[in-house]
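This report refers to the structure that appears directly beneath it.
The values are calculated or read from the model by the stated rules, or taken from the named source; none is laboratory data. Keep in mind the model is a prediction, meaning the values are calculated, not measured. Because the Cβ atoms are built from the backbone with ideal geometry, glycine has one as well, and the counts that use them run over all protein chains shown. Quick note on the areas: whole protein, heavy atoms, side chains included, nothing else; ligands and nucleic acids left out. Shrake-Rupley method; radii C 1.70, N 1.55, O 1.52, S 1.80 Å.
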Amino acid sequence: MSHVFGDTMLLFRRSVTHTFRSPEILVGVTVSPIMFVLIFRYVFGGAIEIAGTSYVNFLMAGIFIQSISFGALTTAMSLAYDFEKGIVERFFTLPMSRPAIVIGRTIADAIRAIFSVFVMVIIGYIVGYRPVGGPLDYLAALGVMVLFSFAISWVGALLAIFIPNPEALQQLSFVIILPLTFVSSAFVDPATMPAGLQAFAENQPVSQAVDAVRSLTTDLPADGSILNSILWSIGILVVAVPTVGWAFRRVGSR
Amino acid sequence: MTTVTSETAIRASGLTKSFGDVKAVVGVDIEVPRATVTAILGPNGAGKTTVVRMLTTLLKIDAGTAEVGGVNVAKDPNAARLKIGLTGQDTAVDELLTGRENLILIARLTRLSKQEAIRRADELLTRFDLHEAADRNAGTYSGGMRRRLDLAASMIADPEVLFLDEPTTGLDPRSRIDIWKKIEELVAGGTTVLLTTQYLDEADELADDIVVIDHGTVIARGTSDELKDRVGGQRLEFKVSGPEALDHAAEKLEAQNVEIVGRDEREHRITVALTEGATQVARLIDSLEFEGVKIEEVFVHRPTLDDVFLTLTGQHVATDEEESLS
Ligand SMILES: Nc1ncnc2c1ncn2[C@@H]1O[C@H](COP(=O)(O)OP(=O)(O)O)[C@@H](O)[C@H]1O
Ligand SMILES: [Mg+2]
């Protein structure tokens with residue numbers, strides 16, 4: 001346990017190195033976010049009316065959080081490959097801190113997701129994104145996104161630990177992440193959805209994060225979403241972190 | 001328990017492990033003297049990996065005890081890990097890192113300082129003939145190079161005991177011999193090795209002692225020579241023209257007191273154990289031809305795992321799909 005910090009740094013650096021050496025990940029970090037912004041901006045931008053702000057301003061918060069949510073998939077897949085290749089098993093035979101395997105990776109993945117957000121802000125600005133808020137609002141929005149990104153990345157890690165098969169994981173993640181990001185406030189106002197969907201869409205963690213960031217970057221009201229989003233992220237971590245720790249401790253004891 | 005003398009590097013008794021209804025390993029005893037090599041020989045699904053995973057703290061031992069370097073692996077897994085190096089069945093190499101970065105990472109996670117890690121990586125890259133490729137991504141390495149890198153990684157902490165799970169499976173003959181050489185060097189340097197293999201020739205080449213397992217239990221053990229005495233030396237295999245010729249040949253061979261170790265009715269093949277070397281081959285062929293047996297093909301080969309099984313259990317190595325899950 002005493003090596004958590006040092007080992008986390010080592011594995012964080014490994015993940016960062018992977019990012020720069022893997023064209024797939026680099027595309028995921030830069031090109032995909034740019035495409036999201038352009039597609040949503042120009043495909044839906046003309047069709048959807050939002051009261052109180054422009055659709056671009058409304059949309060961007062949704063795209064940030066959607067992109068961050070897909071980061072869970074990156075975490076899950078890369079950890080699953082480490083399992084599949086026996087790399088995790090090698091780590092398990094070393095006198096190192098096991099939680100560092102996940103902590104190092106989730107920190108790297110969270111930073112990567114936030115980097116993508118910056119890319120999207122720039123592209124968004126070019127196509128008409130004009131957030132309204134003060135520096136503190138933006139800082140708060142960043143805080144909400146960092147926390148959400150970190151939490152969602154742990155969910156990805158948890159999935160990989162219980163389903164260490166990259167193919168199965170890919171299928172499953174889509175089944176989980178797609179509904180969460182689309183049945184949400186990310187792209188449309190949930191008030192336009194059927195009642196059952198609406199209740200889910202308004203309260204689930206993706207929507208809370210979207211609403212929080214949206215309220216901090218437009219004139220739309222927060223309605224408690226900032227606190228809710230923080231609570232959701234902390235709640236997710238409170239469940240995921242000990243579960244991962246428990247799963248790792250179980251290795252060699254079953 | 002008797003006290004562990006420093007002469008015994010691995011001492012396991014009654015190792016047992018089940019996965020649900022599958023009894024993967026049942027009551028396996030292994031004792032490996034320091035600086036020697038023991039091979040666990042067995043077909044796919046025999047329980048080799050399960051034994052290795054128990055001894056390397058990766059699996060809980062259901063029953064039995066295991067000590068590695070004098071440390072009880074169940075009671076003190078962390079202390080055991082300091083004595084153990086493992087090269088698993090899958091090549092655990094990070095393809096996006098260079099060979100050097102792979103080794104430095106493992107060295108740092110093994111608690112070496114930065115300078116020590118760099119020095120150690122350099123030393124191992126040289127020792128495992130990877131110096132030229134050291135700064136290339138491991139993803140560009142050949143199978144043999146990956147295995148060598150994997151082996152180097154498990155030697156970072158200069159472990160007392162090295163576990164190698166099928167170290168040459170899937171390698172071309174040349175790389176295989178390279179790996180053998182490296183293993184021999186390590187043992188000459190005082191490392192104790194427990195390896196698993198499906199190949200009798202590999203066990204024969206490397207191991208001082210061989211433990212043959214099947215369906216999770218030990219079916220034979222001994223030195224390579226002892227096993228070969230039981231299994232016999234080279235094999236001579238005849239393919240004859242048909243079923244009658246097969247019966248005829250068998251009868252004539254038995255009349256000469258030659259041990260028939262295999263018979264394939266479908267392919268009309270008959271296999272005998274050679275006891276007297278090459279001249280015996282000519283003599284046997286001549287005598288069969290003389291008796292009017294039409295021989296279509298002749299093969300001479302060293303005993304395989306299948307021959308060992310045939311001799312020890314009277315059965316071929318199981319090859320059904322179910323049996324070959326590894
Ligand atoms: N994690 C596991 N869960 C269920 N069954 C397993 C597991 N690991 C191994 N087995 C089963 O245990 C038996 C021995 O497997 P293994 O030790 O991998 O054999 P080998 O390495 O000799 O090929 C096989 O029948 C295999 O299917
Ligand atoms: Mg195996």
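Among the residues of the range B:41-69, which ones are farther than 21 Å from residue B:222 by Cα, more than 10 Å from ligand 1 (Cβ to nearest atom) and without any contact (Cβ under 8 Å) to a residue 60 or more places away in the chain?
B:57, B:58, B:60, B:61, B:62, B:63, B:64
Output yes when any residue across the range A:31-47 is open to solvent by 10 Å² or more (accessible area, probe 1.4 Å) and within 20 Å of residue A:156 (Cα to Cα), and no when none is.
There is at least one residue in the range A:31-47 that is open to solvent by 10 Å² or more (accessible area, probe 1.4 Å) and within 20 Å of residue A:156 (Cα to Cα).
Quick check on the range B:156-174: of everything there that is of a type in the set (A, V, I, L, M, F, W, C) and in a loop (DSSP other than H, G, I, E, B), which residue is modelled with the highest pLDDT?
B:156
Please go through (1) closer than 17 Å to residue B:220 by Cβ; (2) open to solvent by 40 Å² or more (accessible area, probe 1.4 Å); (3) hydroxyl-bearing (Ser, Thr, Tyr) for residue B:38 and return the number of the only condition it doesn't satisfy.
So residue B:38 meets the others, but not (2).
Before we move on, is residue A:132 assigned to a loop (DSSP other than H, G, I, E, B), among the aliphatic types (A, V, I, L, M) and away from every other protein chain (no Cβ under 14 Å)?
Spelling it out, residue A:132 is indeed assigned to a loop (DSSP other than H, G, I, E, B), among the aliphatic types (A, V, I, L, M) and away from every other protein chain (no Cβ under 14 Å).
Residues being near ligand 1 (Cβ under 9 Å from one of its atoms) and surrounded by fewer than 16 Cβ atoms within 10 Å (Cβ to Cβ): count how many of those fall in the range B:24-35.
Total meeting the criteria: 0.
Rundown of residues vs (1) of a type in the set (A, V, I, L, M); (2) over 17 Å from the mean Cα position of the chain (by Cα); (3) within 16 Å of ligand 1 (Cβ to nearest atom), yes/no style:
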{"position": "B:157", "(1), (2), (3)": "yes, yes, no"}
{"position": "B:199", "(1), (2), (3)": "no, no, yes"}
{"position": "B:214", "(1), (2), (3)": "no, no, yes"}
{"position": "B:227", "(1), (2), (3)": "yes, no, no"}
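Would you confirm whether any residue within the range B:2-9 is within 28 Å of residue B:224 (Cα to Cα), touching a helix residue (DSSP H, G or I) at 6+ places or on another chain (Cβ under 9 Å) and not polar (S, T, N, Q)?
Within the range B:2-9, none of the residues are within 28 Å of residue B:224 (Cα to Cα), touching a helix residue (DSSP H, G or I) at 6+ places or on another chain (Cβ under 9 Å) and not polar (S, T, N, Q).
Could you tell me whether residue A:134 is open to solvent by less than 40 Å² (accessible area, probe 1.4 Å) and on the phi > 0 side of the Ramachandran plot?
Considered against the rule, which asks whether it is open to solvent by less than 40 Å² (accessible area, probe 1.4 Å) and on the phi > 0 side of the Ramachandran plot, residue A:134 comes out as no.
Take residue B:112 and tell me if it is in a helix (DSSP H, G or I), touching a helix residue (DSSP H, G or I) at 6+ places or on another chain (Cβ under 9 Å) and away from ligand 2 (no atom under 16 Å from the Cβ).
Answer is no for this residue.
Does the range B:129-144 hold any residues that are open to solvent by less than 40 Å² (accessible area, probe 1.4 Å) and in a helix (DSSP H, G or I), and which are they?
Scanning the range B:129-144 gives B:138, B:139, B:144.
Please go through the range B:148-165 and pick out each residue that is of a type outside the set (A, V, I, L, M) and within 12 Å of chain A (Cβ to nearest Cβ).
Across the range B:148-165, the qualifying residues are B:150, B:154, B:159, B:163, B:165.
Could you check residue A:116 against (1) over 21 Å from residue A:143 (Cβ atoms); (2) assigned to a helix (DSSP H, G or I); (3) not charged (D, E, K, R) and say which number it fails?
(1)
Which one of these is touching a Phe, Trp or Tyr at 6+ places or on another chain (Cβ under 7 Å), over 24 Å from residue A:92 (Cβ atoms) and assigned to a helix (DSSP H, G or I): A:213, A:241, A:175, A:206?
It is A:213.
Looking at (1) outside any helix (DSSP H, G or I); (2) within 21 Å of residue A:40 (Cα to Cα); (3) without any contact (Cβ under 8 Å) to a residue 40 or more places away in the chain, can you tell me which one residue A:223 breaks?
(2)
Take the range A:17-30 and flag every residue that is under 30 Å from residue A:182 (Cα atoms), within 11 Å of chain B (Cβ to nearest Cβ) and open to solvent by less than 50 Å² (accessible area, probe 1.4 Å).
Selection gives A:18, A:19, A:22, A:25.
Of (1) within 19 Å of residue A:61 (Cβ to Cβ); (2) buried (at least 18 other Cβ atoms within 10 Å of the Cβ), residue A:203 satisfies all except one. Which?
Every listed condition holds for residue A:203 apart from (2).
Tell me yes or no: at least one residue of the range B:110-128 is open to solvent by less than 50 Å² (accessible area, probe 1.4 Å) and facing chain A (nearest Cβ under 9 Å).
For the range B:110-128, residues open to solvent by less than 50 Å² (accessible area, probe 1.4 Å) and facing chain A (nearest Cβ under 9 Å): present.
Checking the structure you have, find out if any residue of the range B:89-105 is in contact (Cβ under 8 Å) with a residue 24 or more places away in the chain, open to solvent by 20 Å² or more (accessible area, probe 1.4 Å), at the interface with chain A (Cβ under 9 Å from one of its Cβ atoms) and within 13 Å of residue B:152 (Cα to Cα).
yes
Is at least one residue of the range A:148-166 at pLDDT 95 or above, open to solvent by 40 Å² or more (accessible area, probe 1.4 Å) and aromatic (Phe, Trp, Tyr)?
Yes, the conditions are met somewhere in the range A:148-166.
Looking for something more than 7 Å from every other protein chain (Cβ to nearest Cβ), touching a residue at least 12 places away in the same chain (Cβ under 8 Å), open to solvent by 50 Å² or more (accessible area, probe 1.4 Å) and touching an Asp or Glu at 6+ places or on another chain (Cβ under 6 Å) - is there at least one such residue anywhere in the range B:72-81?
No, the range B:72-81 contains no residue that is more than 7 Å from every other protein chain (Cβ to nearest Cβ), touching a residue at least 12 places away in the same chain (Cβ under 8 Å), open to solvent by 50 Å² or more (accessible area, probe 1.4 Å) and touching an Asp or Glu at 6+ places or on another chain (Cβ under 6 Å).
Output the number of the condition that residue B:166 fails; it satisfies all remaining conditions of (1) open to solvent by 10 Å² or more (accessible area, probe 1.4 Å); (2) at positive phi.
The failed condition is (1).
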